[in-house]
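None of the figures in this text is laboratory data; all of them are computed from the coordinates on show. Keep in mind the model is a prediction, meaning the values are calculated, not measured. Reconstructed Cβ throughout: ideal geometry from the backbone, glycine too, with neighbour counts over all protein chains shown.
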Amino acid sequence: MDLFEIKGPVQLEGSVNISGSKNAALPIMASTVLAPGKSIIRGAPNLADISVLAKLLRSLGAKVKSNAGSKLRIDASVIDNPVGHYDTVRKMRASICILGPLLARCGQAKVSMPGGCAIGDRPVDIHLRGLRGLGAQIHLENGYIVAEAPHGLAGTDIFLGGPFGSTVLGTANVLMAATLAKGTTVIESAACEPEIADLANCLNKMGAKIRGIGSPRLIIDGVDSLSPVEHTVIPDRVEAGTFMAAAAITAGRVELKNCRLNDMMAVVDKFSGIGAQIEPTDNGCVVSRDGPLKPADITTQPYPGFPTDLQAQLMVLLALADGNSVITEKIFPDRFMHVAELNRMAANLRKEGPSVIIAGVKKLIAAPVMASDLRASAALVLAALAAEGTTIINRVYHIDRGYERIEQKLNALGAKITRKTI
Ligand code: EPU
């Protein structure tokens, strides 16, 4: 098991290339199941989660080759085992995004029901409601979702909203299944995240007929078949936001290349409000900070609101702000595993239901801490860059699931991070 030893404080300077989006790449990889033949997906980051999905696709019958990690060749000519095993789904709950494509391609699918994880319960009821709306018969059997549509799927009007708004992977599943359904499907309260727009654009390149891309109402005219595709995934807005936070917390100056600010307006607005300067460039931006960090009240929301995947990183910035802040989590109300760990580094954070009250402190102090989930771990890395002393972060495999070579990228900007295997 690896740990990070991080010496702080540092001031980051230089330029960093943002990788392709993990959360766009995963459903796009799953979508290749819909198109018999050889697809090429470019820009997929070289991450543990991408390898898990590649392995899952192979177990379904597809052939997957990766070239230096970023170019994936997926041959989905044969899909003869429509089963997502527990062993895979328990490693990565995003494996559920295979359910819709398998059902549409094979008329049946058996996928392990994902459990909860460090950030909450994470049910999939809305995925199932949407697929049932398309005519699938679904029941649970020994922890597996068993879905059948022996006579094919049929388009219909489906409302996909839930208690916490839209669902990203639920939208992906229903959208992918609807591309091959008979007739027209209207998905109301669809997720508007850029990763869903990227998936929809990729599906249209395969021959799907999807309108309303990027809006909460997706209209899908079903087609008889889809063809293989070549597609480059969008840049990772969460990785970009994490590097923005790294520049801001260290009062540094970092150029982000391959970053789409248009996908990040809420992030740019909040980071600017707390004292970061963000200047657009041709293919990204330059992030810097001169003055003090200012407090703010922030609520996470579905896109285009402030993303839950940057909540933990923002909290570290506000922990060092000149005053009191409140962060309210409206997507995953329990996603606060980082709070206790940050308090071990001398932050002053108090959880109150789905909110955290943050009393800004003058400095953070290094401590041994434990990574709990992907974004919480990224927040600990940020805290360590600014803290006095040497922070030890245990269980960094969580970070490796979603950040490509994070220590190498940060060290190239002046961080002092050593990876150690214990
Ligand atoms: N929800 C339901 N029922 C469902 C589905 C979702 O109640 O059937 C609830 C969830 O419990 C949550 C809310 O709806 O309260 C939104 O969840 P969503 O389904 O949108 O999450 P997801 O699709 O499982 C994706 C990302 C997450 C990201 C969320 C929210 C991928 C692979 N994962 O998850 O990314 O936090 O959307 O934006 O795309 C991460 O990258 O660290 C990560 C956790």
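Here are a few things to note about the model shown:
- A cut-off under 11 angstrom between Cβ atoms defines the neighbours of Ala367, and their net charge, with Lys, Arg +1 and Asp, Glu -1, is -1.
- Using equal-weight Cα scatterers in the Debye expression, the normalised intensity of region 22-227 in log10 at q = 0.10, 0.14, 0.17, 0.19 Å⁻¹ is -0.35, -0.73, -1.13, -1.47.
- Here the chain is described by how far its Cα atoms reach on the three principal axes: 64, 45, 41 Å, from widest to narrowest.
- Axis angle, to the nearest 10 degrees, between helix 237-249 and the longest C-alpha principal axis of the chain: 0 degrees.
- For Thr281, residues with placed amide H under 5 Å, excluding near neighbours: Val286
- Around Ala415: net Lys/Arg minus Asp/Glu count, Cβ-Cβ under 10 Å: +2
- For a label point 7 Å along the Cα-to-beta-carbon line of Ala48, residues of region 389-422 with backbone N under 12 Å: 395-403
- Placed amide H near Thr232: partners under 5 Å, 5+ positions off or other chain: Arg42
- Cβ-based net charge around Leu320, under 9 Å, with every Lys or Arg adding one and every Asp or Glu removing one: +1
- Relative contact order computed over the chain (Cα-Cα under 8 Å; 6+ residues apart), in percent: 21
- Under Karplus coefficients 6.51, -1.76 and 1.60, residue-wise ³J(HN,Hα) of region 411-418 in Hz, glycine/proline x: 5, 5, 9, x, 6, 10, 10, 10
- Which of Ala251, Leu103, Phe336, positive extreme of dipole for the chain (C-beta unit charges): Leu103
- The HN-Hα couplings worked out from phi for region 349-363 by the Karplus form 6.51 cos²θ - 1.76 cosθ + 1.60 (θ = phi - 60°) are 10, 10, 7, 10, x, x, 10, 10, 9, 10, 9, x, 10, 6, 8 Hz, whole numbers, x standing for Gly and Pro.
- When only Cα pairs below 8 angstrom with a gap of at least 6 residues are kept, region 61-137 shows a relative contact order of 21 percent.
- The mean sequence distance of close C-alpha pairs (under 8 Å, at least 6 residues apart), as a share of the length of region 22-227, puts its relative contact order at 18 percent.
- Once the Cα-Cα distance is subtracted from the 0.36 nm per residue extended length, the Thr281 to Glu188 segment shows a gain of 29.9 nm.
- Residues of region 27-43 with amide N under 16 Å of a point placed 7 Å along Cα→Cβ from Lys71: 38-43
- Multiplying the residue separation of Tyr397 and Met1 by 0.36 nm and subtracting their alpha-carbon distance yields 141.8 nm.
- FRET E, pair Gln408, Lys209, Förster distance 41 Å, beta-carbon r, rounded to 0.05: 0.45
- Using a Förster distance of 30 Å, the FRET efficiency for Arg132-Ser227 (Cβ separation, nearest 0.05): 0.60
- Exposure proxy order (Cβ contacts within 10 Å, fewest to most) of Val168, Val174: Val168, Val174
- Potential lengthening between Ser272 and Glu352 on full extension [0.36 nm per residue; Cα-Cα distance subtracted]: 26.2 nm
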